[in-house]
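These notes concern the structure reproduced below.
The values are calculated or read from the model by the stated rules, or taken from the named source; none is laboratory data. Remember, predicted model here, so these are calculated numbers, not experimental data. Positions of Cβ are backbone-derived with ideal geometry, glycine not excepted, and every protein chain shown enters the neighbour counts. In case anyone asks, the SASA skips ligands and DNA or RNA and just uses the protein heavy atoms, side chains included. Shrake-Rupley method; radii C 1.70, N 1.55, O 1.52, S 1.80 Å.
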Amino acid sequence: MTELLQVRGLTKTFGTFKAVAGIDFSITEGHCVALLGPNGAGKTTTIRMITGLLKQTAGHMVFQGSVQAGKHRELIGYLPQSPSFYPWMTGYEYVVYAGKLCGLSSAAAQKRAKELIERVGISTAAKRRIGSYSGGMKQRLGLAQALVHQPKLLVMDEPVSALDPLGRREVLELLRELKQETTVLFSTHVLHDAEELCDDVIIIRDGQVALQGSIDTIRKEHRKPIIELQLERDAYSERWLSSFLQRMNQEIKTGTKAGVFETAELDNRTARFTVNEVDAARQRLLDELSREQVKFSSLAVGHTTLEDLFMKVVTS
Ligand SMILES: Nc1ncnc2c1ncn2[C@@H]1O[C@H](COP(=O)(O)OP(=O)(O)OP(=O)(O)O)[C@@H](O)[C@H]1O
Ligand SMILES: [Mg+2]
């Protein structure tokens with residue numbers, strides 16, 4: 001597998017504030033990679049450094065095996081977090097204009113614009129002013145612009161965050177197709193978007209990489225069994241549950257019977273336990289439930305999801 005981009009020790013400080021604090025990652029050619037993190041994590045800053053729009057304070061990037069300071073911009077197509085268009089231009093004119101800015105001849109820019117407008121699915125609106133486009137159409141036009149010079153790497157900053165559900169769907173569908181053709185890096189704070197599209201994720205928090213790897217590997221490695229217990233509305237049972245939770249948390253803290261329950265949380269009348277030994281934990285719960293005659297409506301065994309892991313990584 002060829003590495004298209006390697007990022008090493010990338011750092012950006014604004015005054016004394018470290019927005020990006022020395023991050024390392026690689027992007028494999030042909031992969032779709034999500035840069036995932038909560039608001040303020042440093043996604044936009046990282047992306048702007050990769051695109052060459054923002055100078056890093058320290059660190060470097062290697063494209064296709066060689067450091068090409070300044071020259072790598074032509075390898076990248078970029079869709080910013082909030083792209084601005086000239087509302088009086090038509091979509092077609094805009095892509096032609098972007099093509100010429102990238103050094104294409106007039107004829108070549110026109111040819112490429114036609115292809116791309118078609119490709120992103122806005123040909124019926126090609127001759128309409130951009131001012132009349134919906135959010136989804138504008139994002140698709142932004143993608144046509146980003147692809148005009150046939151970049152090796154398509155970089156997008158929160159490509160669907162500002163869209164309504166329909167626009168989101170449209171753009172996600174298009175991205176699903178585009179990722180077959182090119183290497184993609186996009187940022188999002190929505191895990192679901194990353195799961196839907198990506199091979200790899202880089203989770204950043206406070207300017208540092210908190211977790212990275214292929215989604216499948218992360219899912220497998222961090223999957224833990226969970227037991228969920230839901231009670232009926234019953235004062236006695238609810239009292240029992242809160243005292244049981246207290247005891248469990250005490251055991252977890254002190255390490256007695258370590259290894260059976262790992263975490264225990266209560267949300268309304270539902271308790272959620274992550275466990276190491278499912279059979280032992282389930283048996284213990286069942287014993288108590290029957291001995292204390294607790295009125296429960298369900299007891300389910302499952303697994304933690306990537307969402308659980310993401311929440312743990314970004315909030316702990
Ligand atoms: N030009 C700047 N001057 C000072 N601080 C900045 C500047 N740009 C970004 N920051 C700070 O750096 C941190 C990271 O910002 P960044 O925009 O990269 O986050 P983000 O992950 O893209 O967030 P969001 O999800 O809100 O888009 C934030 O705390 C932000 O306030
Ligand atoms: Mg951002």
If D24 satisfies all but one of (1) more than 16 Å from ligand 2 (Cβ to nearest atom); (2) modelled with pLDDT of 95 or more; (3) open to solvent by less than 40 Å² (accessible area, probe 1.4 Å), what's the number of the condition it fails? (3)
From E221, E196, which residue is acidic (D, E), free of Cβ contacts under 8 Å to residues at least 12 places away in the same chain and away from ligand 1 (no atom under 13 Å from the Cβ)? E221
Mind checking which residues of region 27-38 are within 15 Å of ligand 1 (Cβ to nearest atom) and surrounded by 18 or more Cβ atoms within 10 Å (Cβ to Cβ)? A34, L35, L36, G37
For region 118-172, name all the residues that are surrounded by fewer than 19 Cβ atoms within 10 Å (Cβ to Cβ) and in contact with a His (Cβ under 8 Å, 6 or more places away or on another chain). S161
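From S187, S214, grab the single residue that is touching an Asp or Glu at 6+ places or on another chain (Cβ under 9 Å) and crowded, with 17+ Cβ neighbours inside 10 Å.
On the way: S214 fails: crowded, with 17+ Cβ neighbours inside 10 Å.
Of the residues listed, the single one that is touching an Asp or Glu at 6+ places or on another chain (Cβ under 9 Å) and crowded, with 17+ Cβ neighbours inside 10 Å is S187.
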Reported set for region 272-294 where residues are in contact with an Asp or Glu (Cβ under 9 Å, 6 or more places away or on another chain) and exposed (fewer than 15 other Cβ atoms within 10 Å of the Cβ) is N276
Has region 162-180 got any residue that is part of a strand (DSSP E or B), under 26 Å from V33 (Cβ atoms), in contact (Cβ under 8 Å) with a residue 12 or more places away in the chain and away from ligand 2 (no atom under 16 Å from the Cβ)? no
If we scan region 73-92, do we find a residue that is at pLDDT 95 or above, open to solvent by less than 60 Å² (accessible area, probe 1.4 Å) and out of contact with any strand residue (DSSP E or B) (no Cβ under 9 Å at 6 or more places or on another chain)? yes
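Give the residues of region 260-271 that are open to solvent by less than 30 Å² (accessible area, probe 1.4 Å) and either assigned to a strand (DSSP E or B) or touching a Pro at 6+ places or on another chain (Cβ under 9 Å) (or both), sorted by residue number. Walk me through how you get there before you give the answer.
Of region 260-271, the ones open to solvent by less than 30 Å² (accessible area, probe 1.4 Å) are 260-261, 264, 271.
Once the filter is applied, which keeps residues that are open to solvent by less than 30 Å² (accessible area, probe 1.4 Å) and either assigned to a strand (DSSP E or B) or touching a Pro at 6+ places or on another chain (Cβ under 9 Å) (or both), region 260-271 yields F261, A264, A271.
So is M49 open to solvent by less than 20 Å² (accessible area, probe 1.4 Å) and closer than 26 Å to T315 by Cα or not? So that I can check it myself, show each step before the final result.
Numbers: open to solvent by less than 20 Å² (accessible area, probe 1.4 Å): yes; closer than 26 Å to T315 by Cα: yes.
Yes: the conditions hold for M49.
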Looking at region 217-240 only, could you name the residues that are within 30 Å of K18 (Cβ to Cβ), open to solvent by 20 Å² or more (accessible area, probe 1.4 Å) and of a type outside the set (D, E)? T217, H222
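Residue check: is L147 under 14 Å from the mean Cα position of the chain (by Cα) and either away from ligand 1 (no atom under 16 Å from the Cβ) or outside the structural domain of C102 (by TED's automatic domain parsing) (or both)? Walk me through it before giving the result.
Numbers: under 14 Å from the mean Cα position of the chain (by Cα): no; either away from ligand 1 (no atom under 16 Å from the Cβ) or outside the structural domain of C102 (by TED's automatic domain parsing) (or both): yes.
Judged against the criteria, L147 is not a match.
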Result of the Cβ filter at 8 Å on region 101-117, keeping first residues that are among the polar types (S, T, N, Q) and partners that are surrounded by 15 or more Cβ atoms within 10 Å (Cβ to Cβ), at least 6 apart or interchain, is S106/V96; S106/K100; Q110/V96; Q110/G99
